[in-house]
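Visitor: To start, I am sharing the structure in question, which I have written as structure tokens.
The values are calculated or read from the model by the stated rules, or taken from the named source; none is laboratory data. The model shown is predicted, which means the values in this text are computed figures rather than measured ones. So basically every Cβ, Gly included, is an ideal-geometry build from the backbone, and we count neighbours across all protein chains shown. Accessible surface is based on the protein model in full, side chains and every heavy atom, while ligands, DNA and RNA are left aside. Shrake-Rupley method; radii C 1.70, N 1.55, O 1.52, S 1.80 Å.
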Amino acid sequence: QVQLVESGGGLVQAGGSLRLSCAASGRIFSTYVMGWFRQAPGKEREFVAAITWSGGNTDYADSVKGRFTISRDNAKNTVYLQMNSLKPEDAAVYYCAARSYGSSRYAYLYNYWGQGTQVTVSS
């Protein structure tokens, strides 16, 4: 079992930055692929970024590529999402998720989820 707790969300102006954190506890964090997803009101949950257990491989949605950076610190059992050049369309509840096998963009393949953190971007 893995427990995930996100933090770092808030209100930011367009063009600004935020760093989200996801603290994990429970089973060996370092063996899990970690992902970030987001869900805006009235929309389906969508993939944002993922990182393999070693941090050697990352994947990004086209909409955030070049603006967002996912990273992890296995010693701290934490995964981060640095978000720069934020746009109003980035506003959503952001969730971190964990899965045991391989990076994936599909939410249903992730076994564990945090409660989410709200990101609001004002224009």
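Visitor: Under the condition of being in contact with a Lys or Arg (Cβ under 8 Å, 6 or more places away or on another chain) and of a type in the set (V, I, T), which residue from segment 1-59 is nearest to S122 (Cα to Cα)?
Guide: Step by step, filter segment 1-59, then rank; the result is V48.
Visitor: Does any residue of segment 68-84 turn out to be exposed (fewer than 14 other Cβ atoms within 10 Å of the Cβ), touching a Ser or Thr at 6+ places or on another chain (Cβ under 8 Å) and within 16 Å of T31 (Cα to Cα)?
Guide: no
Visitor: Out of S71, S30, S25, which single residue is part of a strand (DSSP E or B) and at pLDDT below 95?
Guide: Every option except S25 fails the conditions.
Visitor: Now, a different point. Go through segment 54-67 and report how many residues are surrounded by fewer than 18 Cβ atoms within 10 Å (Cβ to Cβ) and hydrophobic (A, V, I, L, M, F, W, C).
Guide: 1
Visitor: If the requirement is being within 19 Å of G9 (Cα to Cα), touching a residue at least 40 places away in the same chain (Cβ under 8 Å) and not in a strand (DSSP E or B), which of these qualifies: S85, S103?
Guide: After applying the criteria, what remains is S85.
Visitor: If a residue must be open to solvent by less than 20 Å² (accessible area, probe 1.4 Å) and without any contact (Cβ under 8 Å) to a residue 40 or more places away in the chain, how many such residues does segment 1-53 contain?
Guide: The qualifying residues number 1.
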